[in-house]
Each structure stands twice: as structure tokens, then as C-alpha cells.
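Take a look at the structure below.
The values are calculated or read from the model by the stated rules, or taken from the named source; none is laboratory data. Since the structure is predicted, the reported quantities are computational estimates derived from the model, not experimental observations. Glycine gets a Cβ as well: all are built from the backbone with ideal geometry, and neighbour counts include every protein chain shown. Ligands, DNA and RNA are stripped out before the accessible areas are found, and what is left, the full protein with its side chains, is counted by its heavy atoms. Shrake-Rupley method; radii C 1.70, N 1.55, O 1.52, S 1.80 Å.
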Amino acid sequence: MPETLFHKVWNRHAVRTLASGQTQLLVGLHLVHEVTSPQAFDMLRQHGWHVAFPERTFATVDHITPTDTRRRPFLDLMAEEMTTALERNCREFGIRLCGPGSDDQGIVHVIGPELGLTQPGMTIACGDSHTSTHGALGAIAFGIGTSQVRDVLAAQSLALEPMKVRRIDVNGRLAPGVYAKDVILTIIRRLGVQGGVGYAYEYGGTTIDAMTIDERMTICNMSIEGGARVGYVNPDDTTFAYLRGRRFAPAGAAFDRAVAWWRSLASDPDAPYDDRVVVDAAAIEPTVTWGINPGQSVAIDEPLPDGSSGRPDREAIAEALTFMGLEAGAPITGTRVDVAFIGSCTNGRVSDLEEAARVVRGRKVAPHVKAIVVPGSREVGREAERRGLADVFRSAGFEWRGAGCSMCLGMNTDRLEGRQLCASSSNRNFKGRQGSPTGRTLLMSPAMVAAAAVAGEVVDVRRMLAGGRA
Ligand code: SF4
């Protein structure tokens, strides 16, 4: 029977079907960070349990870790407490940790692929919603809550509902100035933020086939913002080339054997899907969110929607426009920004920084804008330094920071203040997401964030790339 990658991987990891109808699924790799794990480790202690497979568990600090200094103890008491707790837990339970002093430290969804921990055909769990990122390498990866973190620590397995599979084909060439971020924002807008509930999203088509792993990670990362807990791309030569030589990937003859196995896991050409969607890449433009969920977006030249029209979502539109202080029917271009943030597990990789630097080179950040670049990992930071990108950002007036989640969720001191409006390369624009209850977020590609930082307002990056102001 022809099968999708999702079913091949799911069935090979299914331990049994539970009375509830759920599947007990073996987890191949468990990624842990400082914020969703302390209670889970405490529960283990209360029961006198051990970590079932410490060698399949890997920890880092990212969510609350300061990005302006590594000096301990951290001034932020909560950051210090959570970091110390993770260090103690990893020591006690025998788990590898990329702590604040480690050269491998970084955002959990950046370092997993970077170190070669993430591999095709794996099941991967992590206490963060954007675990779907790892699907870019052909893994089935899902975010879990704290009680499930406990379950995976104790039993290396999870009780999960089976999912349907929606194939999303993106075909054609993206125009210059249009990026993976614009593709996924367009998909979420079209299918809705709840459209993927109960589904795993399989991304394919000529556009996805031509993408790098970094770009595929941006796409898979935001699957959860469209309601799909899992998003993946079938492994191919791009995947294998990315993994070759990475520290935790198989080496030598074992790598060649692994490639044969990984290749066999790709969805069969005639695999059945529960739903299919086709997207025309040539029709996608630089896209910006205007509202309070990632589905509320417009193409850069499109007017903002009108909440007073007869649309079924008019109340949601009105609420979002009011919160954002934007006007129905107005253009998104020209919206003044206070902060520009380039980073996160969606767009904090070297290729993201390279695209943003291309826009920034030889220009200056607008005087009223606070602009920061936060590499997704220390390795990303080092590579960006080697390529001279950090200098480009610094001389333009950006702050160049250490690795971490930073302003993606504003748990450390990198936060919006009051009603500040932030052009952000992250993945969520919910009310209060960036640390201020009244702060406002516009999601866009890193190149668009760079353009907004320079112009001091939302602009079309294509015009800036072409040499004009906007
Ligand atoms: S960058 Fe944001 S979405 Fe990604 S792991 Fe950190 S907090 Fe979660």
C-alpha cells in the first residue's frame, strides 16, 4: 500500500493503540529547554523515576536566557533560577546540556538541525509549539506541554491522537524579494489559523523542492500557526547534503546506509492524502501581518481589510485593527515602526541574516527605531561574524546580541515597552507576545524587517533591493 512519510514514521514508532483510541508513540529525540522542564523534572523526583533514555534527550537554554551578557549570576533572577535548575536537573539525570557557557548554545529548534541531532524519519518532541520546525528534515516533530515533557522523560513515549495528512504543493518561482516567510504567511492566511487542526502538513511542489533546508525550516516552523501540530518536507538530496558531516549525524558507511533508509521514508508518489491544496508561488508578494494572529496578513500593496463590511470575520477584524491602531482600508506601507527584531527559530539562521544584511549594507537604521539582531545560535553568530554580517549590522546601527529567543516572546529583558510597534521576523503576533501587554507586532521576512528598520516604517523591500528608498 502506498503511504505518506507521516504514516510510515508514525507506524514504525507506534508502541500500541490505547483504550482511548490514542497511539502510544515512541519518541526518538526529546529536546528540552529551561522554561517548560523544571516542573517535569520535579514530578520525576516526586515519583522516584529516572529519565528513560538520557542519550535521546538533549537540553539547551534559550527562552529566558539574556542576550546582552553571559555573566553569571544573571541580573534577571528568574533567568538565573531557571538556568540553575536546568543545570542541576541535567547533572542529576545525566542529560547533555548546551548551557550558557557552551559553544553549542542556541534556540532549541536551531541547534537540533545544526548539530545533526534532527534526522529524517525521527519522532521528535519538545516543550515548545514550534517543534514542527524539525519536519524540514523529514522528521515528525510536535510541541508538547509540561506534563507531556514529564511523560517523555519518564517513558520516552507519548499518547497522541492519529492525524490526517494535508499535502500542500507550492509550485513556481518566487520573485526576488519574496521569501519562505511570505510563502508560509500566505498559506496560513488562505487556510486559516485553525485550518490545520487535526492535520499534519506535508509541504512539496517545485518551490519547496528548490528551497534550502533553512527555508524549509521557516515553512515547517509556522505550521502550528496554521493549526497543524506537525509540518514536514520529504527528505531529498538537499536534506542529505545538509546533514553530511554534522556532529551527531551518522558518518562514513553508516551515513550512506542512513541515506538509503531516509530515502525510503519519503511519501510514495501515489500516497493517499486526506486533503490537497495548491499554491502558486509566482502570485506571492512580500507579506505583512496587520492583526493579532498570523493569519491576519496582507500583501505589501494590498489595503487593510474593512471590519464594517459583511465579512463573517468582521468582528475579529475590528478587534485587531483597534488593538493595532490601524485603519480599515489604509495601506500597510507607511506604518511607523518603533522596534525592528531579526531573530527567532523562524528566521534567526545565517541565510536570514545574510538576506537582511543585503538590505542594510551601506544604510543606517532610522533614528527613532531600536533595531536588534539576535542569532538563533552561537554557531549562527560565529558564522555571521566570519562572513562580516555582524559588522554590517553594527555599522548600520543595529544591536548585535548573543543567541536566544529574545524578543520572540519577551521573557528576558528584550521586550517592547508600552504601545511600541515592532517589525519582527518571529512567528507570533498575539497581544502581549513581545513582553508588553499593549505592544504590537507586525510579522514579516527578515529582509522586510531590515527595510523597515532603515526606513522607519513598513516599506516594500523589493524597491529597496532595486536601489530606491522604498
Ligand atoms: S524563538 Fe520563539 S517560537 Fe522559537 S523556540 Fe524561542 S520562544 Fe519558541
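Brief remarks follow.
- Counted as membrane-span-like here are DSSP H helices of the chain whose alpha-carbon atoms extend 18 Å or more along the helix's own axis and whose Kyte-Doolittle mean is -1.0 or above; these are 77-93, 253-265.
- Taking the chain and dividing mean pair separation by its residue count, relative contact order in percent (alpha carbons under 8 Å, at least six apart): 17
- The magnitude of the dipole of the chain, with charges of +1 and -1 set on the Cβ of Lys/Arg and Asp/Glu and taken from the Cα centre, is near 560 debye.
- Residues Y203, Y242, ordered by accessible area of protein heavy atoms at a 1.4 angstrom probe radius and largest first, appear as Y242, Y203.
- Rounded to the nearest 20 debye, dipole of segment 342-470 from Cβ charges on Lys, Arg, Asp, Glu: 200
- Computed FRET value (nearest 0.05) for R16 with K364, which takes r as the C-beta separation and R₀ as 51 Å: 0.25
- Summing charges over neighbours of R276, with a neighbour being any other residue whose Cβ is under 10 Å away from its Cβ, gives -2 when K and R count +1 and D and E count -1.
- Annotation: per residue accessible area for the chain equals 38 Å², rounded to a whole number [probe 1.4 Å, protein chains only].
- Extreme residue, positive dipole direction of the chain, given options V170, A139, A52 (C-beta unit charges): A52
- Neighbourhood charge, 14 Å Cβ-Cβ cut-off, centred on A249 and excluding it, Lys, Arg +1 and Asp, Glu -1: +2
- Computed over segment 287-465, Kirkwood Rh from alpha-carbon pairs, angstrom: 16.1
- The portion of the accessible surface of the chain made up by carbon and sulfur, rounded to a whole percent, is 51 (1.4 Å probe; DNA, RNA and ligands excluded).
- Taken over the alpha carbons of segment 126-186 as equal point scatterers, the Debye sum produces base-10 log I(q)/I(0) values at 0.19, 0.20 Å⁻¹ of -0.87, -0.93.
- Electrostatic tally near L389: other residues with Cβ closer than 12 Å to its Cβ, Lys and Arg +1, Asp and Glu -1, net +1.
- Partner lysines for K8 [C-alpha distance under 27 Å; skip if fewer than 8 residues away on the same chain]: K164
- Of the three principal axes defined by the Cα atoms of the chain, the extents in descending order read 56, 55, 45 Å.
- Cα principal axis extents for segment 208-328, largest first, Å: 63, 33, 27
- Centre separation in Å (Cα based) which lies between segment 1-75 and segment 342-357: 26
- Burial ranking of peptide ranges 342-349, 363-370 (average Cβ count within 10 Å, highest at the top): 342-349, 363-370
- Rounded Å value of the spacing that divides the Cα centres of segment 178-208 and segment 223-285: 15
- A 1.4 Å probe over all protein chains sorts T83, T36 by accessible area into T36, T83, starting with the largest.
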